[in-house]
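The values are calculated or read from the model by the stated rules, or taken from the named source; none is laboratory data. All of these numbers come straight from a predicted model, not from anything done at the bench. Quick reminder, even Gly has a Cβ in these numbers, built from the backbone with ideal geometry, and neighbours come from all protein chains shown. The protein model used for the area step is the full one, side chains on, heavy atoms only, and it has no ligands, DNA or RNA in it. Shrake-Rupley method; radii C 1.70, N 1.55, O 1.52, S 1.80 Å.
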Amino acid sequence: MAITASQVKELREMTGAGMMDCKKALTNTDGDMDAAVEWLRENGLAKAAKKSGRIAAEGIVAVDVSGDGKSASIVEVNSETDFVAKNEVFQEYVAQVAAQARETNATDIDAFLAESWKADDAGSVEDKLKAMIAKIGENMNIRRFEKVETSGLVVSYIHAGGKIGVLVEADTDSDSDGVKECLKNVAMQIAALNPKYVSSDDVDEDYKEHEKQVLLAQAKNDPKNEGKPDNIIEKMILGRLNKELKEVCLLEQAYVKAENKENVKQYVESVAKAEGCKLNVTKFVRYETGEGLEKKEEDFAAEVAAQL
């Protein structure tokens, strides 16, 4: 049967596939629209599988926060190039992944990929991912997600269009603009200074002891400390350890926007007092796109020449 331009247009709008692919799909399925969608999916998945070996270390971080600020999610979805990461279709898809993550009961990526995709009838989360790989033409990967639920408040911050994403959870009895602004400022601090712990109370004692022994060995091997009593060296070590902890513990960090020398804990306490409420930062999640991933270095000119 003859395939009309309107059929091709309809199939393209439904799937996002190229016009020639849509025409081929309709031709191979005698104009059956549903069968043509399946044909494209099947062939698209085959194309996606070929792309799965490519390194995907670009991409974006996205968040999804409920209207009442009681639940939130953060996800990192990778692509091969920064160009695709800036693509509106890709960004809309990642926003849908974040929305799915906020509703999920999955506790790991495998379980998350296996559950049904809620935004449309694409099948599973993994099926939708493969369909997007076929549509966009690059390897993509849902690398990680985290879900936060609280009786207090969750606030988010996205930096540089999704290069860094942060969630901050607080134990509070207020959702005033002042409290939200405070937590947003704390999230910006986390994005900038990348702390590892909320406070020194959260640091493992084994870690503290290990660092103490390292600093002790350094001190004893330093000729300047020769002849100093052990109690003096002990005080020096504790001073250095506390200084190190201030750099990696959020609440002990100097608050970067402060006009005085207050730390983050003092800043939060001052806002709690001004707002007349309880306010304690209890948790944060910070994702940076591509952290820990190997990035593929390529000679772009050589790649274009090879394609030609």
Discussion item. Looking at (1) part of a helix (DSSP H, G or I); (2) at pLDDT 85 or above; (3) open to solvent by less than 80 Å² (accessible area, probe 1.4 Å), which one does D206 not meet, given that it meets all the others?
Written reply: (3)
Item to complete: Report, by residue number, each residue of the range 261-287 that is open to solvent by less than 30 Å² (accessible area, probe 1.4 Å) and either farther than 29 Å from Q213 by Cα or modelled with pLDDT under 85 (or both).
Response: Y267, V268, V271, A272, C277, L279, V281, V285, Y287
Worksheet item: Got at least one residue in the range 140-156 being under 21 Å from I74 (Cα atoms), more than 21 Å from the chain's Cα centre (by Cα) and part of a loop (DSSP other than H, G, I, E, B)?
Response: yes
Worksheet item: So, of the residues in the range 222-244 that are of a type in the set (A, V, I, L, M) and within 30 Å of V281 (Cα to Cα), which turns out to be surrounded by the fewest Cβ atoms within 10 Å (Cβ to Cβ)?
Response: L238
Worksheet item: Given the residues G162, G178, which is the only one that is open to solvent by less than 80 Å² (accessible area, probe 1.4 Å) and either closer than 30 Å to E80 by Cβ or modelled with pLDDT under 95 (or both)?
Response: G162
Worksheet item: Taking the condition under 21 Å from V65 (Cα atoms), in contact (Cβ under 8 Å) with a residue 24 or more places away in the chain and either open to solvent by 60 Å² or more (accessible area, probe 1.4 Å) or not β-branched (V, I, T) (or both), does E138 pass?
Response: no
Worksheet item: Which one is modelled with the lowest pLDDT, of the residues in the range 11-37 that are within 35 Å of the chain's Cα centre (by Cα) and among the acidic types (D, E)?
Response: E13
Discussion item. For the condition of a type outside the set (K, R), without any contact (Cβ under 8 Å) to a residue 24 or more places away in the chain, open to solvent by less than 90 Å² (accessible area, probe 1.4 Å) and outside any helix (DSSP H, G or I), what is the one hit in A258, A219?
Written reply: A258
Discussion item. Cβ-Cβ distance below 7 Å, separation of 6 or more or different chains: which pairs start in the range 16-32 with a residue that is surrounded by fewer than 17 Cβ atoms within 10 Å (Cβ to Cβ) and end on one that is assigned to a loop (DSSP other than H, G, I, E, B)?
Written reply: T27/I3; D30/M1; G31/M1; G31/I3
Worksheet item: What helices (runs of 4 or more DSSP H) lie completely within the range 38-121 and have 3 or more residues being crowded, with 21+ Cβ neighbours inside 10 Å and modelled with pLDDT under 90?
Response: none
